[in-house]
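J.: Before anything else, here's the structure in question.
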2 protein chains.
Amino acid sequence: MSEIKQTSTNFSNKIALSDECPEAYASTIIGGQWTLVICSWLLSGKLRFGELKKKLPNITERMLTLQLRKLEENKIISRTVYAEVPPRVEYELTSIGYALKPVIKELEDWGASHKKLTSA
Amino acid sequence: MSEIKQTSTNFSNKIALSDECPEAYASTIIGGQWTLVICSWLLSGKLRFGELKKKLPNITERMLTLQLRKLEENKIISRTVYAEVPPRVEYELTSIGYALKPVIKELEDWGASHKKLTSA
DNA sequence: TACATTGCCTACCAATTGTTAGGTACTATA
DNA sequence: TATAGTACCTAACAATTGGTAGGCAATGTA
């Protein structure tokens, strides 16, 4: 997760795809390794940085920060900083973030049945 | 898309996540750049390699091959080879592949509304 | 004064994903 | 004989994504 080199072929391919296919567009936004898991935790209410960290197995602080930043950029979560010491920061889904709920649900259902199928 | 080094931390993180969260599991399977687009074309019926290629903007043959192989491995599509010259190969969704339909639909809807929101 | 707490940030490196540019096999047609 | 068509494959490389290990600031407590 660094920057995207806006001159690469990779980049223009993604743009072209996203232009034509909303589902490809969506997957560039929520396709990160941790993105959906973070969102699914946030579906049940706002959480602090440290709380999220505890809920996510093995995530490093760097990754969590990066993912949260990306989600914030994409208006999926909002970030509230309380000017206290030690600092407190709360993350919460925006309305378009909450709109992910059916997506996550379908994905969960499908994932579960696929898993059952292939482990049998 | 090469192999996955099964000793990496990346790898074990993905496993751990997939174990607990069906949605993370699902996204490792259908999270490729082209995966969903391919599936959404196949939702309307079987297609040949060359036909798929025409429908996907800018995809290289190598990428298409890799993605199709991955989908086949995951039992999402089936592959039928006709022993003709020149060769003919048809790809078709399996039943778990067709089960992706609602997922794709939700993703499309969400993608479309997110796009509208952010371009406004 | 030393240390803990919280939510980050930085530099660097490892792994994964995607692209470029070439090739193959086999047959049929020009 | 030269060329075209189909569905691939390979080596080498470029870009992106994820991980490791450290650091910082301000304040409260020991």
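J.: Among the listed pairs A:LYS14/B:LYS70; A:LYS75/B:LYS14; A:LYS5/A:LYS70, which have their C-alpha atoms separated by more than 18 angstrom in this model?
T.: A:LYS14/B:LYS70; A:LYS75/B:LYS14
J.: As a test of reading the structure, rank A:VAL81, B:VAL85, B:VAL103, A:VAL89 by solvent-accessible area (1.4 Å probe, protein chains only), most first.
T.: On the way: A:VAL81 85, B:VAL85 145, B:VAL103 0, A:VAL89 30 Å².
Output order, biggest surface exposure first: B:VAL85, A:VAL81, A:VAL89, B:VAL103.
J.: Roll a 1.4 Å probe over the protein chains and send me the accessible area per residue for region A:1-115 in Å².
T.: Ligands and nucleic acids excluded, the figure is 54 Å² per residue.
J.: Using only helices, what value at 222 nm comes out for chain A when you add -39,500 (n - 2.57) per DSSP H run of length 4 or more and divide by the total residues, to the nearest 500 deg cm²/dmol? Can you show the working numbers first?
T.: Working: 7 runs with 72 residues, N = 120.
Calculated at 222 nm, the ellipticity per residue is -18000 deg cm²/dmol.
J.: Using a label point 7 angstrom from Cα along Cα-to-C-beta, what distances in nm, from shortest up, separate B:GLY45 from the other copies?
T.: List, nearest first: 5.2 nm.
J.: Express in Å², to the nearest 10, the accessible area of A:LYS105 obtained by rolling a 1.4 Å probe over the protein heavy atoms while all chains stay in place.
T.: Only protein atoms counted, so the area is about 110 Å².
J.: Percent relative contact order of chain B, based on C-alpha pairs within less than 8 angstrom and at least six residues apart?
T.: Rounded, it is 21 percent for chain B.
J.: Let me ask something else about it. Determine the share of the protein assembly as shown's accessible area contributed by carbon and sulfur atoms, expressed in whole percent, with a 1.4 angstrom probe.
T.: Ligands and nucleic acids excluded, carbon and sulfur give 52 percent.
J.: If the elastic network links every pair of Cα atoms under 10 Å, which of B:SER40, B:SER95, B:SER12 fluctuates the most in the Gaussian network model of chain B?
T.: So, out of B:SER40, B:SER95, B:SER12, the one fluctuating most is B:SER12.
J.: Any idea what the B:ARG88 label distances to the other copies are, label 7 Å down the Cα→Cβ vector, nm, shortest first?
T.: When each copy's label point is compared with this one, the spacings are 6.9 nm.
J.: Between copies, how close do the A:THR9 label points come, placed 7 Å along Cα→Cβ, listed in nm from shortest?
T.: Spelled out, the distances from A:THR9's label point are 3.3 nm.
J.: Give the shape of chain A as rounded, prolate or oblate, defined through the alpha-carbon gyration tensor: a ≥ b ≥ c are the square roots of its eigenvalues, a/c under 1.5 means rounded, and otherwise the shape is prolate if a/b is larger than b/c and oblate if not.
T.: oblate
The values are calculated or read from the model by the stated rules, or taken from the named source; none is laboratory data. Model, not experiment: these values are computed from the prediction. Cβ coordinates were reconstructed from backbone atoms using ideal geometry, including for glycine residues, and neighbour counts include every protein chain displayed. Remember, those area values only see protein heavy atoms, side chains included, never the ligands or the DNA or RNA. Shrake-Rupley method; radii C 1.70, N 1.55, O 1.52, S 1.80 Å.
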